[in-house]
Amino acid sequence: MGEIRTTCPYCGVGCGVLAAADGTLRGDPEHPANRGRLCSKGTTLGETLDQPGRLLHPEVDGKCASWEVALDEVAEGFRKALAEHGPQGTALYVSGQLLTEDYYAANKLAKGFLGTGNIDSNSRLCMASAVAGHRRAFGEDLVPGIYEDLELADLVVLVGSNLAWCHPVLFQRLQAARAARPSMRLVVIDPRRTTSCEGADLHLPIAPGGDVALFNILLRHLHVRGFRSEAPGLDTALAAADGETGLDPALLATFLDWFATTPRTVTLFSQGANQSSAGTDKANAIINCHLLTGRIGQPGAGPFSITGQPNAMGGREVGALSNMLAGHLDWDRPAEAEALRGYWQTPNLAAGPGLKALDLFRAAGEGRIGALWVMATNPAVSLPDAGRIREALRRTPCLVASDCTRESDTVDLARIRLPALGWGEKDGTVTNSERVISRQRAFRPALGEARPDWWAIAQVAARLGWGDAFAWAGPSAIFREHAALTGLARPAARAFDISGLADLSDAEYAAMPPTRWPVVRRGEQGGRLSPPARFVPTPYRPPANAPSPAYPLVLLTGRLRDQWHTMTRTGSVPRLMAHSPEPAAAIHPADAAGLADGSLARIESPWGEATLRLRHDPGLARGGIFVPMHWTSRFAPSARINASVNPAVDPISGQPELKHTPVRLLPAPMAWHGFLLARRSLGADLADWTALIPVGAALWRHELAGTEPPAEAFARLRALVEEPEAAWVLLEDPAAGLHRAALLRDGRLLACLFLAPDPAALPRRDWLIFLFAEAAIGSAARRALLAGALAEGPAPSPTLCVCHGVTEAVICASIARGANTPALVGEATRAGTGCGSCRPEIAALLTKTPVPEPA
Amino acid sequence: MRVLVIGAGPAGARCAVRLAERLPGALVTLAGAEAALPYDRVALSRLLAGAATIEGLITHPLAMLRSLGIRYRPATPIAAIDRAAGEAVTARGERLPYDRLVLASGSTAIRLPLPGADLPGVVLYRDMEDVRLMLRAAQRGGHAVVIGGGLLGLEAAVGLAHRGMTVTIVHAVGWPMERQLDPAAGALLTRRLGMRGIRFAMPASTVAVEGEAAARAVRLSDGALIPAELVVMAVGIRPNVALAREAGLPIGRAVTVDDAMRSADPAIYAIGECAEHGGRCIGLVAPALEQAEVAARAITGEAAAWAPRADAAALKVSGTAVWSAGEIADDGAECITLRDEAEERYRRLLLRDGRLVGAVLYGDTADAGFYLDLITSRRSVAGFRAALAFGPAFVREAA
């Protein structure tokens, strides 16, 4: 069997992947999104296939059950909820991880047959504001541009997007274009000086929430410069109030001038814009400027919303957000709802929009939801005010979770657990951020009793008496039904129309190449879109909750380069964990209130608190704290930042304001800090503060801190790893609070435990970790073991290039030998020549490391 | 000048040699109580263990002494000192005149005043003759009890075990070598000796040696009876100070001397185990040799002063290097321990006020100099405390 063409399950770039039967993977050179490239996460996909902790069998009330019994239980739960609460007492909460076919089935069950609009997707956290902005401006949720525009543009403006880390392949395409055409400019608008700023022509460190103000100013500036448009609504848009951008006037003027004078401008926006109580206005403020300059759907020009998840777009297409019908049909146009009712042949079509995510969980918390089915997502962690979400999940009588992992906070809470197919096992389609529909194909057998989500949905539907409407033989049948549905709006103009794909045979579906919509007729391919549009006035509103003397700092949450969502997949890949192993909060040193770099700090908001490692980062604007949103109780229970995030939402999109929560910073006093390296995971509740980090084949790092006396902690933790026939090497200095231990058997290292009163007094972990790979450690290493380093030799250095395992020290050495560009560093060390997502960090090292003058 | 050195142990012999070298015209006499040539007392354990011959222990062959012009008088115990006359009187009544006298008479092993302590088969462990007795007993095999778990006792036990005897050590403290080792290092040593078949009764005290014509067993205070055809007492030493006392010199535990090792009589010096400096007596060979050097220089008219270094003891017990310096008991001090029991390596460092005041190294003593320097210099170790136990290679002091 040759290689199977499929699509990466991570971000919204939607890269093609070639999968060999033996699990080796590479970028698909023929896929239009990536042309063979992959990022660090994509490169390590092969390492995620055999995940420990897979959910392999259905479970009911914590016990293994047959599919029959489990599905009966689900159906019974929904039947009961319908009886007790009516349709509005049932709900589905789904995910951009689902394939379009699964998504379609879920939406059909909810809106078509349960009769409720209560199906929302975790895209609510990611894309809802962009969707709402598109619908207000274009009357439909559509992204006008394509990726190629990023390469054709003369000016690319990133708004609230750390493209270098979150969409690395797209960033590499952009960087390659800039290298070929140095006149091309990159502007980054972000309160943080992110990796994407390395090599950018301009960084605008905007005040959090200031984007609308900035683009309102830009709109007026463009108008003053003579730009005009016939589209409706310009006057009110021009009259919309300004607000504070916090920007230096000279920087602002430069940006305004560049934008005004560069016809080929792409404004790419992402979570930094969307996750706001003014997220929809941000999208429209951006679109307004492109509308006024006529830069929409032109080569190298347009507003460009980039999605977080692989199939956020697919979910939007099938209507898996509570305020949308299927196929971009709309309740506001009653004929369309009627057409859908007829097409589905259902008497139960939901009468109107359902509850958006936060409202949905609020209803659950108030006991108004009798049955909730969560698929492929982890709301217990990812939603703001997450403590309350957990309570809501606990309160829901019939909580069903479909997932491929058993180790998720939400799956833990579920009464019925259904094993879903993982990536590589499931089969269907996804749509990326440039509207390209790609096939995700199975290339390995399903594990355990895992089954497709659409199948589970159809089984439950059948048990509820709607079997005929869900009697699909496979995903191709669902896709055909979905594609045909997109023609229902005709003759009304609707960009999302793929009815040209409605008669694909099974074989054609199986072989379908990447296809951009619209596809109105068979054989067509979509391109750039220039939809009729309107200006939307976007008066500036400050973020919902303002900082106060009690909560003077602003918390922004976001992503790391090598992690994905709540780490259910990436968390188990040591190479990916190595980039940022611990949950850390970044803060400008001047805001740290005397808390040292590397210390533990508590972040408190009126909604919750979290304790994280504090990192001083002069690249962060004053007054802000940046915290990655990835950590869960599986890896770091005290670092779940979403518990502290304010539950404010955008009034139109319902998207939570994850990028602006007033917080305060406090020390997290601990009696001791330490780490435990062991050959098995000892869990994430080993101490008052724990971060669990997989570091290699059967090696786990536990970063710890606690309030009990250190000697007690030392004894307790040693007892956990004790093994027969093994011997300890011990260093104890109780007066200084230093306790170190290593457990060995026949020269093989089994565990290391280091405790100190101050995190700075702990050695680097690298060398110790390296020793775990040795069959038997030598005598010099054994003597140095508890020192944490050999007396001689270079200090251990962190790995910067994950793909090729190149350390920072090696890169700096190559720079010192004269490699003065990222390309030369790559030639010398291979660093940055894989996925390229470390290249901005290499560029940063180039600016720090003195390069020798040529002789 | 006539110089008489009384005692041909390591300190006496060294002092005589230095005097002969420095004072070419002088008449240097070295009088030893034993019949042998000066020998390495510290190496007696090697003789017992069969790792050395009697000849191999001789440190100063007769030809060497002669070529230096030293008059060597073996088997010449001194009975009295006539300070007024400037003469020493031998046991046979011979009078040996001196201008300067060096007392290097060492010490005597203590024989416990127990019932049966005088029975045949009960030996001390001090000189070559004791070793001969032990070797003779060992030839018959059987059981031996060594009373005393200090260095000498352990060496005797190892030697006898090596010679095929079943050996039990009776020791009053809970671990051996308590003056040099803390309990943990003592436990390591106990385990190591145990692997050689040596048994321990500790803490335990002997109340009697049982037997009629000869020793047969040792009775402990708890009533236990340990069979023993050979009983070796290695419970400590008593400085030989009778001569000095009778000569009217001030005596503490031994002959009190000043920094130049001179007694209250400016013509008389005392060195080694029979000397008491600053209220303390030494029991180790290295400082005794230093004292010999100082006394020799002082006698030749040089300014010389002996200063005790931190008490450092470097020992080899049963093939294991052991070193200690400074304080041993941890009363009130802060304690850093580093141990790798499987590899038989152990370190314990005692700190007060951020300074090193004591160190025990077991198994690996390569860093002894580093720790001794820290103890004597009283330097602060606060800046590198976490690395301290790993030795100088790991210590990067802030510039």
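Structure values in brief
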{"read-out": "Verdict on B:Met134 being under 22 Å from the mean Cα position of the chain (by Cα), crowded, with 22+ Cβ neighbours inside 10 Å, over 30 Å from B:Arg345 (Cβ atoms) and not assigned by TED's automatic domain parsing to the domain that holds B:Leu350", "value": "yes"}
{"read-out": "Answer residue from region B:217-250, given it is open to solvent by 50 Å² or more (accessible area, probe 1.4 Å) and outside any loop (DSSP other than H, G, I, E, B) and is modelled with the lowest pLDDT among those", "value": "B:Ile237"}
{"read-out": "Enumeration of residues in region B:358-374 that are of a type in the set (Val, Ile, Thr) and either part of a helix (DSSP H, G or I) or on the phi > 0 side of the Ramachandran plot (or both)", "value": "none"}
{"read-out": "Boolean, A:Gly86 is at positive phi, open to solvent by 10 Å² or more (accessible area, probe 1.4 Å) and under 24 Å from the mean Cα position of the chain (by Cα)", "value": "no"}
{"read-out": "Conditions (1) modelled with pLDDT under 95; (2) part of a strand (DSSP E or B): number failed by B:Ile328", "value": "(2)"}
{"read-out": "Failed item, numbered, when B:Ala13 is tested on (1) small (Gly, Ala, Ser); (2) in contact with a Ser or Thr (Cβ under 7 Å, 6 or more places away or on another chain); (3) over 19 Å from B:Ala298 (Cβ atoms)", "value": "(3)"}
{"read-out": "Tally, over region B:377-394, of residues that are facing another protein chain (nearest Cβ under 7 Å), over 29 Å from the mean Cα position of the chain (by Cα) and not in a helix (DSSP H, G or I)", "value": "1"}
{"read-out": "Tally, over region B:334-357, of residues that are in contact with a strand residue (DSSP E or B) (Cβ under 6 Å, 6 or more places away or on another chain), more than 9 Å from chain A (Cβ to nearest Cβ) and not in a strand (DSSP E or B)", "value": "1"}
{"read-out": "Only one of A:Gly836, A:Gly793, A:Gly832 that is within 14 Å of another protein chain (Cβ to nearest Cβ), at positive phi and at pLDDT below 85", "value": "A:Gly793"}
{"read-out": "Residue match in region B:294-316 (condition: away from chain A (no Cβ under 11 Å), on the phi > 0 side of the Ramachandran plot and not in a loop (DSSP other than H, G, I, E, B))", "value": "no"}
{"read-out": "Unique match (being assigned to a loop (DSSP other than H, G, I, E, B) and under 19 Å from A:Trp767 (Cβ atoms)) among A:Ala791, A:Ala809", "value": "A:Ala791"}
{"read-out": "Any helices (runs of 4 or more DSSP H) falling wholly within region A:179-287 and containing at least 2 residues that are within 23 Å of A:Val649 (Cβ to Cβ) and of a type in the set (A, V, I, L, M)", "value": "A:211-224"}
{"read-out": "Candidate set from region A:340-359 (those that are open to solvent by 40 Å² or more (accessible area, probe 1.4 Å) and within 24 Å of the chain's Cα centre (by Cα)); member that is nearest to A:Gly608 (Cα to Cα)", "value": "A:Asp359"}
{"read-out": "Of all residues in region A:697-735 being within 14 Å of chain B (Cβ to nearest Cβ) and in a helix (DSSP H, G or I), the one that is surrounded by the fewest Cβ atoms within 10 Å (Cβ to Cβ)", "value": "A:Ala735"}
{"read-out": "Sole residue being among the aliphatic types (A, V, I, L, M), within 27 Å of B:Asp99 (Cα to Cα) and surrounded by fewer than 18 Cβ atoms within 10 Å (Cβ to Cβ), chosen from B:Ala31, B:Ala51, B:Ala35", "value": "B:Ala35"}
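The values are calculated or read from the model by the stated rules, or taken from the named source; none is laboratory data. Computed from a predicted structure; not experimentally measured. Positions of Cβ are generated from backbone atoms using ideal geometry, with glycine treated the same way; all protein chains shown enter the neighbour counts. To get the accessible areas, we keep the full protein, side chains included, count just its heavy atoms, and leave off ligands, DNA and RNA. Shrake-Rupley method; radii C 1.70, N 1.55, O 1.52, S 1.80 Å.
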